[in-house]
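*Asks:* Pasting a structure below so you can have a look.
Each value in this text was obtained by applying a stated rule to the coordinates, not by laboratory testing. Everything quoted here is computed from the prediction, not taken from an experiment. Ideal geometry is used to build each Cβ from the backbone, glycine not excepted, and the neighbour counts take in all protein chains shown.
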Amino acid sequence: MPEDVPLDAFDSTESGDDAEEVSDAETPDPEEFDPAVSTYDWSPAGGECAACGEVVERRWRSGGERDGSLVCPDCKEW
């Protein structure tokens, strides 16, 4: 394809089965998914390590779990 191709060259105006499948697709329910959770936290003022209580700028989730507490690098199991 030449470099200068108009965008409408990529637009499909066919009314075939593919177009109907897209319109008939169900929208997923947001309640079915778990919200995103951070694996790392950086706080310029510092945050308390859930394991040892030390105030540090950088903390990670303990055990790599979604519900794990934020811990300092020394308490994190690497």
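*Asks:* What do you get for GluC sites (Glu not before Pro) in the range 24-71 restricted to DSSP loop and a cutoff of at most 15 other Cβ within 10 Å of the site's Cβ?
*Replies:* Loop-located and lightly packed - Glu26, Glu54, Glu65.
*Asks:* To continue, here is another question. Note down the nm distance, to one decimal, between modelled labels 7 Å out along Cα→Cβ at Ala9 and at Arg58.
*Replies:* 4.7
*Asks:* What residues have an amide H closer than 5 Å to that of Ala51, excluding those fewer than 5 places away on the same chain, when H is modeled at 1.01 Å from N in the peptide plane?
*Replies:* When sequence neighbours closer than 5 places are left aside, the close amide H contacts are Cys72.
*Asks:* For Asp74 and Asp41, calculate 0.36 nm times their separation in residues minus their Cα-Cα distance, and state this gained length in nm to one decimal.
*Replies:* 10.4 nm
*Asks:* Right, another one. Output wanted: per-residue J couplings in Hz (rounded whole) for the range 34-39, from phi through Karplus 6.51 cos²θ - 1.76 cosθ + 1.60, θ = phi - 60°, x for Gly and Pro.
*Replies:* So the J values, rounded to whole Hz, are 7, x, 5, 10, 5, 9.
*Asks:* For a footprinting-style exposure proxy, rank Trp78, Trp42 by other Cβ within 10 Å, fewest first.
*Replies:* By the 10 Å Cβ count, ascending, the order reads Trp78, Trp42.
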